[in-house]
Amino acid sequence: MNKNRTSSLAIVAALSVALLSGCEPPSLSGLLSSESNGQSTGEGTQSTTVEPNNEETARPQRASLAETIKDVDGVPTVTNETELSVVVNKQRALPADYIPPDLVEPNVPFPFDEKVEKRLLRAEAAQALEELFAKAKTEGIELYAVSGYRSYKTQKSLYETYVRTQGAEHAAAYSAVPGKSEHQTGLAMDVSGYDASTRLEESFAETPEGIWLAANCADFGFVIRYLKGKEDTTGYAYEPWHLRYVGKEMAKEIMAGGLTLEDYFSEAAIAHK
């Protein structure tokens, strides 16, 4: 059969099917152009493959700490407060009165019954915590969630209590001034094992639960935020119980390299990357 006659019959058939099915018929110009460009899958033609756009598939560039902060009334304030990668420390505050947008309570064990805000985490972090706890349980590890989200008001009260009862030096080592606490991001959770005597103590690191967490938390998107030997970088004492959610890819890079968040987002690290 003549090739032109075959193309004409194909166009008529396409129009007929569309009209009979009640759909809007395809444009004639579209059908003709697909034939002329050789994009039909009929006999004597070959389908084309669209190559992915390199710009669309490229990983987003890691922003340095200097690129995610601005001065607000004399206070160095983060500009990416809702991102999983946000870095909050003694030099980087959250916006005034920041409240995470998607706080929920993870379905995990707590060592207390009160329905209070410290049960809460942002939704993605809460789901990841549930998965982490479930995996731990299958391996004979019993974990408890101790303290998650803290509002500005709660952190203010907690910090003032630390200063009053244990002194300013201890408070500076273990607690953040209000507005500069990771707990206010809704991405941090302090955890413990069954033994209450190691709860929020450095000795937790030597328990089966602490050892398991350090080895496995990154698989669920968490890091041990305040590492031993990194006190000068983080500004805080070693806290093997303090988990921070950053997402699986970032967590694995950070934990494998023995890094802090400050290290990971430093200018030198980004330049090397």
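The values are calculated or read from the model by the stated rules, or taken from the named source; none is laboratory data. Everything quoted here is computed from the prediction, not taken from an experiment. Note: ideal-geometry Cβ built from the backbone for every residue, glycine included; neighbour counts use all protein chains shown. Accessible surface is based on the protein model in full, side chains and every heavy atom, while ligands, DNA and RNA are left aside. Shrake-Rupley method; radii C 1.70, N 1.55, O 1.52, S 1.80 Å.
For this structure, a couple of remarks:
- Test for GLY229: is it within 17 Å of ALA251 (Cβ to Cβ) and either out of contact with any Ser or Thr (no Cβ under 8 Å at 6 or more places or on another chain) or of a type in the set (Asp, Glu) (or both): no
- When LYS153, LYS137 are checked against the criterion of being over 25 Å from GLY74 (Cβ atoms) and either at pLDDT below 95 or out of contact with any Cys (no Cβ under 8 Å at 6 or more places or on another chain) (or both), a single residue qualifies: LYS137.
- Residue in region 96-116 that is part of a helix (DSSP H, G or I) and touching a residue at least 60 places away in the same chain (Cβ under 8 Å) present: no
- Top-ranked residue of region 71-95 - restricted to ones that are of a type in the set (D, E, K, R) and part of a loop (DSSP other than H, G, I, E, B), ranked as farthest from ALA188 (Cα to Cα): ASP73
- Residues within region 187-223 that are hydroxyl-bearing (Ser, Thr, Tyr) and under 26 Å from GLY247 (Cβ atoms), tallied: 1
- Taking each residue of region 72-87 that is at pLDDT 95 or above and open to solvent by less than 50 Å² (accessible area, probe 1.4 Å) and looking for partners that are of a type in the set (S, T, N, Q) and part of a loop (DSSP other than H, G, I, E, B) with beta-carbon atoms closer than 8 Å, six or more apart or interchain, yields VAL86/ASN80.
- Number of positions in region 145-158 that are open to solvent by 40 Å² or more (accessible area, probe 1.4 Å) and within 23 Å of the chain's Cα centre (by Cα): 1
- Complete set of residues in region 222-238 that are in contact with a Leu (Cβ under 8 Å, 6 or more places away or on another chain) and not aliphatic (A, V, I, L, M): PHE222, ARG225, THR234, TYR238
- Residue tally, condition closer than 30 Å to TYR236 by Cα, open to solvent by less than 100 Å² (accessible area, probe 1.4 Å), of a type outside the set (A, V, I, L, M) and at pLDDT below 95, over region 49-71: 2
- Selection within region 75-84 - farther than 13 Å from ARG122 by Cβ and in contact with a helix residue (DSSP H, G or I) (Cβ under 8 Å, 6 or more places away or on another chain): VAL78, THR79, ASN80
- Check on ALA128, touching a residue at least 60 places away in the same chain (Cβ under 8 Å), in a helix (DSSP H, G or I) and within 15 Å of ALA188 (Cβ to Cβ): yes
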